[in-house]
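Input: a single structure, listed below in structure tokens.
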Amino acid sequence: MRQASSTQAIPATGQTPRHVAIIMDGNGRWATRRKLPRTAGHVRGVQAVRRTVEACGQRGVEYLTLFAFSSENWRRPAQEVSLLMRLFVRTLEKEVDKLIAQGVRLRIVGNLGAFDARLRQLIAEAEQRTAKEITLTLTIAANYGGRWDILQAIQALLRAQPELAQHPEALDEAALSPWLAMHYAPEPDLFIRTGGEQRISNFLIWQLAYTELYFTDCYWPDFNADELDRAFAWYRDRERRFGRTSEQLHTPR
Ligand code: IPE
Ligand code: IPE
Ligand code: MG
């Protein structure tokens, strides 16, 4: 399905965000504060993922996108990277049945070619097994980078339509967006970053064009339904103008 673009048309908005995108940050600091190894924070972070999926489902969110591993996270110590990969495998193995029971469709976006064959196989199976009965689409961004996404989309588009290189003026949003990794979802309404940093860290840089950005000091392993409700309450107070004036929003046409 083609999804509306916030720069091409004014999207419909409601009280509850349709699409929530989260940078799950602060696992390491959560653990360090408790004198635990950083990896203990990642393990605890999985529980927060479970809580958040459930809470979003209950609140009628249609798309939840979680940043699990960035294209720059390979720069971390090898031991931490390998724990994160094992945790990803273990979580996929354990959670898929629960996701099916909850009506959650799982999608993984990112440069998956960098993962080993076993993990790629698990990802394909999990996506296939959860592909029906959807109330919520859960996207995990793994080895994802916003710049990677834009570049791979351009490459894929040019591969499919090589004649476009002779007519660069035909390259518009409608041509490019079907090739972006999250082509199946509307743009995020609400972005949440836990852990206190106020940056995008190469997450969905194209798709966040008109997203409301919410930052909280809460470390990801502590995130729960109450924290989510605080973010939703903040979201409800935003005036989403998409370039228009406030007066235009309040004057009936
Ligand atoms: C987020 O927590 C998880 C990943 C990036 C995989 P961090 O590991 O970045 O935690 P902090 O930011 O160091 O506390
Ligand atoms: C962003 O967190 C990536 C994920 C949560 C997966 P980082 O902890 O890697 O971001 P920076 O390095 O602080 O910007
Ligand atoms: Mg971090």
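Values quoted throughout were computed directly from the atomic coordinates according to the rules given, and no laboratory measurement underlies them. Only a predicted model underlies this, so the values are computations on that prediction, with no experimental measurement involved. Ideal geometry is used to build each Cβ from the backbone, glycine not excepted, and the neighbour counts take in all protein chains shown.
Beta bridges assigned by DSSP with both partners in the chain are antiparallel in approximately 0 percent of cases.
Relative to 2.2 N^0.38 Å, what does the C-alpha radius of gyration of the stretch 85-186 come to as a ratio? Two decimals please. Could the numbers behind the result be given before it?
On the way: Rg = 16.1 Å, N = 102, 2.2 N^0.38 = 12.8 Å.
Ratio of Rg to 2.2 N^0.38 Å for the stretch 85-186: 1.26.
Treating only the Cβ of Lys, Arg, Asp and Glu as charged (+1, +1, -1, -1), what charge dipole size does the stretch 101-186 show about its Cα centre? Round to the nearest 20 debye. Walk me through the numbers before you get to the answer.
Working: 8 positive and 9 negative charges, 88 e Å.
Around 420 debye, computed over the stretch 101-186.
Modelled label positions at Lys98 and Asp172, each set 7 Å beyond Cα in the direction of Cβ, lie 4.6 nm from each other. Averaging 1/r across all pairs of distinct Cα atoms in the stretch 51-115 and inverting the result yields a Kirkwood radius of 13.6 Å. Near Thr130: Cβ cut-off under 9 Å, other residues only, Lys/Arg at +1 and Asp/Glu at -1. The net charge is +2. Taking θ as phi - 60° and the Karplus parameters 6.51, -1.76 and 1.60, the scalar couplings of the stretch 181-198 work out to 4, 9, 4, 7, 10, x, 5, x, 7, 10, 10, 10, 10, 8, x, x, 6, 10 Hz in sequence order, x denoting glycine and proline. Would you mind telling me which residue in Ala40, Ala170, Ala181 has the biggest mean-square fluctuation in a Gaussian network model of the chain, where springs connect alpha carbons within a distance under 10 angstrom? So, out of Ala40, Ala170, Ala181, the one fluctuating most is Ala170. Length, then width, then depth: along the principal axes, the Cα atoms of the stretch 178-253 run 47, 33, 20 Å.
Do the sum for the chain: with -39,500 (n - 2.57) for every DSSP H run of n ≥ 4, divided by all residues, what is the mean residue ellipticity at 222 nm, to the nearest 500 deg cm²/dmol?
One gets -12500 deg cm²/dmol as the mean residue ellipticity at 222 nm.
In the chain, the convex hull through the Cα atoms has an average projected area of 15.4 nm², a quarter of its surface area. Would you look at the GNM of the chain, springs on alpha carbons closer than 10 Å, and say which of Gly28, Gly113, Gly45 moves the most? Of the options given, Gly113 has the highest mean-square fluctuation.
Suppose every K and R has +1 on its Cβ and every D and E has -1 on its Cβ; what is the size of the dipole of the stretch 19-236 about the Cα centre, in Debye to the nearest 20? Mind dumping the intermediate values first?
On the way: 27 positive and 26 negative charges, 228 e Å.
Here the stretch 19-236 has a charge dipole of around 1100 debye.
Shown in residue order for the stretch 150-167 are the 3J(HN,Hα) couplings computed by the Karplus curve 6.51 cos²θ - 1.76 cosθ + 1.60 at θ = phi - 60°: 5, 5, 5, 5, 5, 4, 5, 4, 5, 5, 6, 10, x, 5, 4, 4, 7, 10 Hz (x for Gly and Pro).
If you find the alpha carbon centre of the stretch 178-203 and of the stretch 46-124, how far apart are they in angstrom? One Cα centre to the other: 15 Å.
Would you order Glu93, Glu62 from fewest to most other beta-carbon atoms within 10 Å of each residue's own beta-carbon?
On the way: Glu93 12, Glu62 18.
By the 10 Å Cβ count, ascending, the order reads Glu93, Glu62.
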